[in-house]
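Here, each number is a calculation from the coordinates, and none is a lab measurement. On a predicted model such as this, the values are computed, not experimentally measured, just so you know. Every residue, glycine as well, gets a Cβ built from its backbone with ideal geometry; the counts of neighbours run over all protein chains shown.
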């Protein structure tokens with residue numbers, strides 16, 4: 001029975017490999033994974049866990065029976081069994097002196113542990129930046145595009161037969177290299193073969209590790225090779241330009257954000273989102289709860305979506321604390337996906353073969369192109385003094 005389950009697990013693992021490759025191909029060609037592929041991967045994951053649980057149950061049933069229960073040697077049991085206690089209770093003596101043995105505390109190696117199936121996971125933080133940005137596939141190692149530099153609009157009324165006003169428009173050619181985000185880990189070959197559920201968990205954790213780093217790079221990458229040039233990199237946004245003296249003393253963070261929303265609108269890019277670190281958004285909410293003026297005027301939760309002034313708030317662990325960005329993110333930036341997250345295994349790495357080890361490598365290749373910096377207002381959430 002257990003052999004049949006292991007074969008079923010191997011079959012599911014092979015199917016998961018096929019679906020993962022399909023997902024990577026869809027990411028390359030379409031820029032996203034189809035709903036059918038996602039559903040297929042989810043169903044295979046559920047089947048994998050079910051078979052792993054069944055295998056664990058079979059192994060537990062085939063293990064030796066637990067030893068018979070030992071005599072109770074607790075202090076209370078020793079007192080009750082003592083003859084001095086019996087004489088005292090029977091009225092044959094008016095006092096009793098009973099010496100008990102110290103109770104040993106520890107584990108009995110003869111008792112088999114109750115092994116639970118599956119793996120207790122560590123933290124998988126929510127990744128939210130890519131939901132703000134548009135993405136397209138690319139087949140190159142660099143992205144080059146032309147963007148508007150300066151447009152001087154001199155349009156004006158003109159009298160009949162008079163010379164018309166001349167405007168000017170300049171362009172800039174931008175070249176952005178594709179960056180690679182990757183990491184690796186080694187596991188034993190026995191683990192990969194004997195514990196399919198744990199090996200699958202390692203793969204998922206490696207994929208998450210790449211995406212978690214991409215989240216930070218898309219926010220704060222400094223553009224120095226091999227880093228991505230992120231949203232908050234110099235030149236990728238328009239500084240909000242406000243000093244603390246222009247914000248007043250009551251709910252100054254909210255005043256700043258509201259001014260940034262207005263500036264974004266005035267520039268021709270109505271704000272789609274407000275990007276904040278979770279700690280900063282918590283501080284803003286606390287200010288709203290503890291300030292009568294704020295709690296009465298600003299709704300921070302509309303239909304389950306966190307909002308300020310009607311604009312959705314996107315919280316990201318990749319954003320540096322005490323910074324904020326507001327604007328039309330889908331117009332300002334474009335992700336170019338060279339490769340989705342690819343997980344590969346190899347025994348041909350160093351002395352892996354002689355040590356029965358497998359190297360697991362996960363990596364992703366992408367670039368972030370900042371096309372319209374003017375569509376984003378960003379800077380310190382607590383500006384410098386006037």
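Taking the convex hull of the Cα atoms, report for the range 137-244 its projected area averaged over all directions, in nm².
Details: hull surface 56.2 nm².
Result: 14.0 nm².
Rounded to a whole number, what is D in µm²/s for the range 219-296 from Stokes-Einstein with the Kirkwood radius over alpha-carbon pairs (37 °C, 0.692 mPa s)?
Here the translational diffusion coefficient equals 226 µm²/s.
Label residue 32 and residue 291 with points 7 Å out from Cα along Cα→Cβ: what is the distance between them in nm?
3.7
Can you list the residues of the range 357-374 with backbone N under 11 Å from a point 7 Å past the Cα of residue 184, pointing along Cα to Cβ?
358-362
List the relative contact order of the range 308-386 as a percent without decimals, with contacts defined as Cα pairs under 8 Å and 6+ residues apart.
Relative CO of the range 308-386 lands at 42 percent.
Using 0.36 nm times the number of residues separating residue 322 and residue 172, minus their current alpha carbon distance, what extension gain do you get?
50.8 nm
Using the Cα atoms of the range 168-210 to build a convex hull, what is its mean projected area in square nanometres?
If you wrap the Cα atoms of the range 168-210 in a convex hull and average its projections, you get 4.8 nm².
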